[in-house]
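Okay, structure first, notes after.
The values are calculated or read from the model by the stated rules, or taken from the named source; none is laboratory data. Everything numeric here is computed off the predicted structure, so don't read it as measured data. Glycine also receives a Cβ, built like all others from the backbone with ideal geometry; neighbour counts cover every protein chain displayed. The area values use the complete protein model at the heavy-atom level, side chains included, leaving out ligands, DNA and RNA. Shrake-Rupley method; radii C 1.70, N 1.55, O 1.52, S 1.80 Å.
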Amino acid sequence: RGNPSVASEMLDAVLREIDRAKPALTEPSGKTGQELRDNEWLMAIRQRAGIPGGVCEFDLPSYHYWLSGPADVRQHDLGGWTAPFLPLREGIRIVLRLLRESGKRHPLLAVRGTFQEMMGGRTAQMLRLEMPDEQGCVPEVSANKYMLNVRFTHASGALRGRTFEHDVAFDLMLCNL
């Protein structure tokens with residue numbers, strides 16, 4: 001709170017958000033998702049799914065009956081099965097939002113579709129790369145504690161996978177909590 005570079009209103013809002021999410025994360029006892037492991041029907045599907053052709057109609061008729069049933073029944077069932085994971089989702093959402101917002105934007109240029117930079121002791125928990133969709137290419141990122149490599153490849157067509165031959169302007173953010 002005493003740090004002059006921290007906005008106290010934003011800090012208070014984040015702390016309130018964390019306080020709202022915390023009880024749901026600490027309330028459940030036992031393993032998260034234990035309800036799913038205890039569901040014999042779901043475990044039978046899971047067990048058969050690993051076998052080639054294991055989820056055929058003759059192997060799991062009740063599963064195919066459920067699949068062909070009304071969509072609202074399937075959505076209700078799926079909602080019930082995913083409900084135990086919602087507190088985790090909320091906690092992860094908060095942490096990822098804070099992490100994404102922590103990065104400082106650096107405009108960069110990948111000459112002929114490639115960009116390399118030595119990390120020089122900098123560390124990042126997350127790397128964000130932003131660029132306009134109209135560029136017609138997609139980034140492939142490789143990084144370790146020493147170097148960052150970004151290679152832009154063609155987004156579609158017969159050239160997919162090949163290095164983009166043009167310069168690509170993009171923004172890079174190294175994010176840390």
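Quick notes on this structure:
- Pair list, Cβ < 8 Å and 6+ apart or interchain, from the stretch 71-100 residues that are of a type in the set (Gly, Ala, Ser) to residues that are open to solvent by 50 Å² or more (accessible area, probe 1.4 Å): 91/25
- Qualifying residue in the stretch 38-47 (condition: free of Cβ contacts under 8 Å to residues at least 40 places away in the same chain, farther than 30 Å from residue 102 by Cα and among the small types (Gly, Ala, Ser)): yes
- The stretch 4-21, residues that are open to solvent by 80 Å² or more (accessible area, probe 1.4 Å) and either part of a loop (DSSP other than H, G, I, E, B) or in contact (Cβ under 8 Å) with a residue 24 or more places away in the chain (or both): 4, 5
- Among the residues of the stretch 83-121, those that are on the phi < 0 side of the Ramachandran plot, over 23 Å from the mean Cα position of the chain (by Cα) and not aromatic (Phe, Trp, Tyr) comprise 107, 108, 109, 110, 111, 114, 116, 117, 118, 119.
- All positions within the stretch 106-120 that are more than 9 Å from residue 151 (Cα to Cα) and either among the aliphatic types (A, V, I, L, M) or open to solvent by less than 70 Å² (accessible area, probe 1.4 Å) (or both): 108, 109, 111, 117, 118, 119
- Residue among 25, 36 that is outside any loop (DSSP other than H, G, I, E, B), surrounded by 13 or more Cβ atoms within 10 Å (Cβ to Cβ) and at pLDDT 85 or above: 36
- Residue 41 of a type in the set (Phe, Trp, Tyr) and open to solvent by less than 70 Å² (accessible area, probe 1.4 Å): no
- Any hit, the stretch 71-83, residues being open to solvent by 100 Å² or more (accessible area, probe 1.4 Å), over 30 Å from residue 173 (Cβ atoms) and in contact with a helix residue (DSSP H, G or I) (Cβ under 9 Å, 6 or more places away or on another chain): no
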